[in-house]
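Worksheet for the structure shown next.
The values are calculated or read from the model by the stated rules, or taken from the named source; none is laboratory data. Bear in mind that the values here come from a model prediction, so they are computed numbers and not experimental data. Cβ atoms come from the backbone with ideal geometry, glycine included; neighbour counts cover every protein chain shown. These accessible areas exclude ligands, DNA and RNA; they are computed on the full protein's heavy atoms, side chains included. Shrake-Rupley method; radii C 1.70, N 1.55, O 1.52, S 1.80 Å.
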Amino acid sequence: MRLSFREAGQGIPVVLLHAFPFSSAMWLGQREGLASRCRVITPDMRGFGGSQLGDDDPSMDVMADDVAELLDGEGIERAVIGGQSMGGYVTMAFCRRHPDRVQAVVLADTKAAPDTLEAAANRERAAQRVLSGGDLTDTIPSLVGPTTLTDRAMVLGRVRGLVQSAPPAAVAWALRAMAIRPDSFDTLRALKIPALILVGEEDELTPLTEAKAMTEAAPDAHLEVLPNAGHLSAIETPEAFNKAVAAFLAKL
């Protein structure tokens with residue numbers, strides 16, 4: 001599997017893994033805002049954007065190995081690996097499977113706990129709905145914060161367009177992969193590298209309590225709460241997101 005990706009800038013490689021059900025297009029603000037400080041690499045996870053879905057069974061481990069193959073192809077031995085929401089799950093899987101290739105981690109609006117049985121069942125119902133011709137537009141209000149819903153019409157329109165363009169087969173595959181992901185708290189406890197934990201102040205899907213639990217688990221973690229942002233903080237408040245990441249990179 002050779003992932004499609006977009007990149008910008010030079011210097012320390014920073015791989016940013018997108019949220020569900022988006023593509024590397026969501027990281028436009030980061031490619032523009034961080035390119036002067038690092039080499040920003042934003043892959044399309046399998047099935048999304050320009051990447052093929054392939055025949056593998058749904059798994060966070062498979063997605064993490066895809067990222068390792070991308071690094072191999074680019075001749076990158078170690079990188080800062082970061083992700084938002086689903087991208088955070090893949091980041092933690094990458095830390096489990098390829099720990100010697102991670103220089104530092106950025107975990108944004110994500111959580112280390114696995115799905116409950118109810119949450120996994122909800123994902124399966126969503127997968128079946130999408131494969132039957134439905135869509136996920138009803139989830140958009142939960143993806144962004146109240147500030148975005150009321151004051152950021154252009155951001156909301158961009159999120160809607162990205163959700164509507166997601167390929168159904170990839171959406172279902174990713175939903176099933178997320179539903180069976182393992183608990184990652186031991187992964188965080190085993191980290192020997194710096195970690196930046198970011199969370200939108202208005203994030204209701206993976207709220208501050210989840211971010212605090214991850215921060216407490218990782219030995220060298222720093223927590224930043226991004227004001228007026230929901231679950232998609234990188235899209236909703238890219239300036240604040242980039243400022244936090246840039247300050248973290250400056251300390252490495």
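Does Leu198 satisfy being farther than 16 Å from Arg46 by Cβ, in a loop (DSSP other than H, G, I, E, B) and of a type outside the set (Phe, Trp, Tyr)?
No, not satisfied.
Considering only the range 207-234, state which residues are closer than 26 Å to Leu162 by Cα, open to solvent by less than 10 Å² (accessible area, probe 1.4 Å) and in a helix (DSSP H, G or I).
Of everything in the range 207-234, those that are closer than 26 Å to Leu162 by Cα, open to solvent by less than 10 Å² (accessible area, probe 1.4 Å) and in a helix (DSSP H, G or I) turn out to be Ala211, Ser233, Ala234.
Would the range 150-157 turn up any residue that is touching a Leu at 6+ places or on another chain (Cβ under 8 Å) and either buried (at least 19 other Cβ atoms within 10 Å of the Cβ) or at pLDDT 95 or above (or both)? Give the derivation first.
Kept after step one, since they are touching a Leu at 6+ places or on another chain (Cβ under 8 Å), are these residues of the range 150-157: 156.
Narrowing the set further to residues that are either buried (at least 19 other Cβ atoms within 10 Å of the Cβ) or at pLDDT 95 or above (or both) leaves 156.
Checking the range 150-157: at least one residue is touching a Leu at 6+ places or on another chain (Cβ under 8 Å) and either buried (at least 19 other Cβ atoms within 10 Å of the Cβ) or at pLDDT 95 or above (or both).
Please name all residue pairs, on different chains or six or more residues apart, with Cβ atoms under 6 Å, provided the first residue is in the range 224-237 and is closer than 11 Å to Ala19 by Cβ and the second residue is part of a loop (DSSP other than H, G, I, E, B).
Hits for this filter: His231/Asp109; His231/Asp203; His231/Leu205; Leu232/Val144; Ser233/Asp109.
Show me the strands (runs of 3 or more DSSP E) entirely contained within the range 1-109 in which 3 or more residues are at pLDDT 95 or above and closer than 27 Å to Gly145 by Cβ. Quick ask: steps written out before the conclusion?
Numbers: elements: 5-8, 13-17, 39-43, 79-84, 102-108.
In the range 1-109, 13-17, 39-43, 79-84, 102-108 are the strands (runs of 3 or more DSSP E) which contain 3 or more residues that are at pLDDT 95 or above and closer than 27 Å to Gly145 by Cβ.
Take the residues in the range 115-153 that are of a type in the set (S, T, N, Q), free of Cβ contacts under 8 Å to residues at least 40 places away in the same chain and in a helix (DSSP H, G or I), then tell me which one is farthest from Gly200 (Cα to Cα).
To start, the set of residues in the range 115-153 that are of a type in the set (S, T, N, Q) comprises 116, 122, 128, 132, 137, 139, 142, 147-148, 150.
Filter once more, so that each one left must be free of Cβ contacts under 8 Å to residues at least 40 places away in the same chain: 116, 122, 132, 137, 139, 150.
Next, only the ones that are in a helix (DSSP H, G or I) stay: 122, 137, 139, 150.
Numbers: Asn122: 24, Thr137: 21, Thr139: 17, Thr150: 16 Å.
Only one residue fits best here, namely Asn122.
Is at least one residue of the range 165-175 of a type in the set (S, T, N, Q) and open to solvent by less than 50 Å² (accessible area, probe 1.4 Å)?
The answer is no; no qualifying residue exists.
Taking the range 96-113, which residues are open to solvent by less than 50 Å² (accessible area, probe 1.4 Å) and either within 24 Å of Ala240 (Cβ to Cβ) or touching a residue at least 60 places away in the same chain (Cβ under 8 Å) (or both)? It would help to see each step written out before you state the result.
Taking the range 96-113 and keeping what is open to solvent by less than 50 Å² (accessible area, probe 1.4 Å), we get 98, 101-102, 104-113.
Val102, Ala104, Val105, Val106, Leu107, Ala108, Asp109, Thr110, Lys111, Ala112, Ala113, listed by residue number.
Collect the residues in the range 34-44 that are crowded, with 20+ Cβ neighbours inside 10 Å and closer than 21 Å to Leu196 by Cβ, keeping them in residue-number order.
Answer for the range 34-44, where residues must be crowded, with 20+ Cβ neighbours inside 10 Å and closer than 21 Å to Leu196 by Cβ: Leu34, Cys38, Val40, Ile41, Thr42, Pro43.
Quick test of your reading of the structure: Glu204 fulfils all but one of (1) within 21 Å of Pro114 (Cβ to Cβ); (2) in a helix (DSSP H, G or I); (3) not aromatic (Phe, Trp, Tyr). Name the failing condition by number.
(2)
Confirm whether Ser24 is under 28 Å from Ile140 (Cα atoms) and hydroxyl-bearing (Ser, Thr, Tyr).
Values: under 28 Å from Ile140 (Cα atoms): yes; hydroxyl-bearing (Ser, Thr, Tyr): yes.
Yes: the conditions hold for Ser24.
Given the criteria of a type outside the set (Lys, Arg), open to solvent by 40 Å² or more (accessible area, probe 1.4 Å) and touching an Asp or Glu at 6+ places or on another chain (Cβ under 8 Å), does Gly50 qualify?
For Gly50, the condition - of a type outside the set (Lys, Arg), open to solvent by 40 Å² or more (accessible area, probe 1.4 Å) and touching an Asp or Glu at 6+ places or on another chain (Cβ under 8 Å) - is met.
With the requirement that a residue be closer than 23 Å to Gly11 by Cβ, surrounded by fewer than 24 Cβ atoms within 10 Å (Cβ to Cβ) and of a type in the set (A, V, I, L, M), what does the range 54-78 give you?
Across the range 54-78, the qualifying residues are Ala68, Leu70, Leu71, Ile76.
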